[in-house]
Amino acid sequence: MKQLSSVAALAALLMLTAGCTTSGMEATGRPGADAEFAKHLVIYNEALASDVIIQDMNTRVTGGLLEVNVVLANLTGSDKKIQYRFSWYDDENFEVEAGAGNWTPLLLNGFAKKSMHALAPNPTVKTYKVNVREL
Amino acid sequence: MFRLSKPTGLIVASAVFAATLAGCTSVKYGDAGGVETTTADFGSTDLQQIATTMVDSLLTFPPIVEITAQRRPVMFVEKVKNKTSEHIDTESVTDTISSRLLRSGKFRFVDMNKVAALEKQLQYQLESGNVSDESAVKRGRQIGAEFMMYGNLSSIVKRDGSTKDVYYKFTLKVMNVESGLVEWADEKEIRKTAKKSLFGL
């Protein structure tokens, strides 16, 4: 009997280590912050949506290109390992260079704020969104 | 010699079979721009972060903003030296940087890797007799590069037991070909730490 349970435990361990990794379901969340800021934030995780907000944002045009500085704040005491990506839109709300932007990893410590800076890829960009998801 | 009894042998075989079934292989398309953390070695996320930082820095540097306000200067890319211990395709990094600069509408590029191919095409148009005089391009009308882009990629790797710490530093500079002055330079630092744990859990 002892031998049998050892073998079963071994099998369970093997299955655990060899098994495939599955990712969780992503859900669109709504940040509870200033409406003007919130419309620029897209969070792909329901739990994260209530924890992370845009606290401040500033934009300016440099050499014809939209320059954005966004301050992201963690409302909880636990560290958040996230990744973010800026998406850019022209004056007709078409995404500019869709899919070309890359995700950047970011560690947002408990109750910390971090600023993210980005420059639009070309002068046609008029507005932007910050996409956030768990790392 | 250790021998398993018949029922135990059967159980072991079943366990191995179950483990084989559990270790399935699946192929799926991923997000090319997603964060990649497979190992601490130089990866796609590092390349993309370097390119984004360098392009943003160059395009917002006040003297460069002033230069590119009225015209699109011509630049050529000199090789970025790989001073790390890894095999890294630095041309891929400069390709991404030059593509983004080109698409920004602020710079134009001459490709020094294609000079031989261009010369071959010129010879074909001008000397083969197959191309009409009206449509053949003229010699001596190419645009000379005003700026040269070049740089270095270096790394410091440290290991302590199961922990590996890698520090990358990418330096990029833009030099005025005529004056020899470095007009812009910036650095991007990346630190990555990898820890090996038991059973890969």
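Numbers below:
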| quantity | calculated |
| --- | --- |
| Among residues of region A:103-126, those that are facing chain B (nearest Cβ under 7 Å), part of a loop (DSSP other than H, G, I, E, B) and either surrounded by 21 or more Cβ atoms within 10 Å (Cβ to Cβ) or out of contact with any helix residue (DSSP H, G or I) (no Cβ under 7 Å at 6 or more places or on another chain) (or both), counted | 3 |
| Of all residues making up region B:102-126, the number that are open to solvent by 100 Å² or more (accessible area, probe 1.4 Å) and either modelled with pLDDT under 95 or under 30 Å from A:L119 (Cβ atoms) (or both) | 5 |
| Members of region B:61-101 found to be closer than 21 Å to A:T124 by Cβ, under 13 Å from the mean Cα position of the chain (by Cα) and open to solvent by 40 Å² or more (accessible area, probe 1.4 Å), listed by number | B:S99, B:R100 |
| Residue, nearest to B:V65 (Cα to Cα), within region A:52-70, restricted to residues that are open to solvent by less than 30 Å² (accessible area, probe 1.4 Å) and within 17 Å of the chain's Cα centre (by Cα) | A:V68 |
| Only one of B:T37, B:T84, B:T68, B:T45 that is facing another protein chain (nearest Cβ under 9 Å) and not in a helix (DSSP H, G or I) | B:T37 |
| Filter result (under 24 Å from B:G33 (Cα atoms), free of Cβ contacts under 8 Å to residues at least 24 places away in the same chain and surrounded by fewer than 12 Cβ atoms within 10 Å (Cβ to Cβ)) within region A:71-100 | A:F94, A:A98, A:G99 |
| Hits in region B:87-98 - residues which are without any contact (Cβ under 8 Å) to a residue 60 or more places away in the chain, closer than 17 Å to B:T45 by Cα and either in a helix (DSSP H, G or I) or of a type in the set (V, I, T) (or both) | B:E91, B:S92, B:T94, B:D95, B:T96 |
| Tally, over region A:98-135, of residues that are in contact with an Asp or Glu (Cβ under 9 Å, 6 or more places away or on another chain), under 24 Å from B:E189 (Cβ atoms) and of a type in the set (D, E, K, R) | 1 |
| Total residues in region A:34-45, condition charged (D, E, K, R) and either at pLDDT 75 or above or assigned to a loop (DSSP other than H, G, I, E, B) (or both) | 2 |
| Among residues of region B:99-134, those that are within 25 Å of A:G99 (Cα to Cα), in contact with a Lys or Arg (Cβ under 8 Å, 6 or more places away or on another chain) and either of a type in the set (A, V, I, L, M, F, W, C) or part of a strand (DSSP E or B) (or both), counted | 3 |
| Selection count where residues are closer than 30 Å to B:L59 by Cα, open to solvent by less than 40 Å² (accessible area, probe 1.4 Å) and touching a Ser or Thr at 6+ places or on another chain (Cβ under 7 Å), scope region B:157-187 | 2 |
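The values are calculated or read from the model by the stated rules, or taken from the named source; none is laboratory data. All figures in this text were calculated on a predicted structure; none of them were measured in a lab. For neighbour counting, all protein chains shown are included, and Cβ atoms are generated from backbone atoms with ideal geometry for every residue, glycine included. Heavy atoms of the whole protein, side chains included, go into the accessibility calculation; ligands, DNA and RNA do not. Shrake-Rupley method; radii C 1.70, N 1.55, O 1.52, S 1.80 Å.
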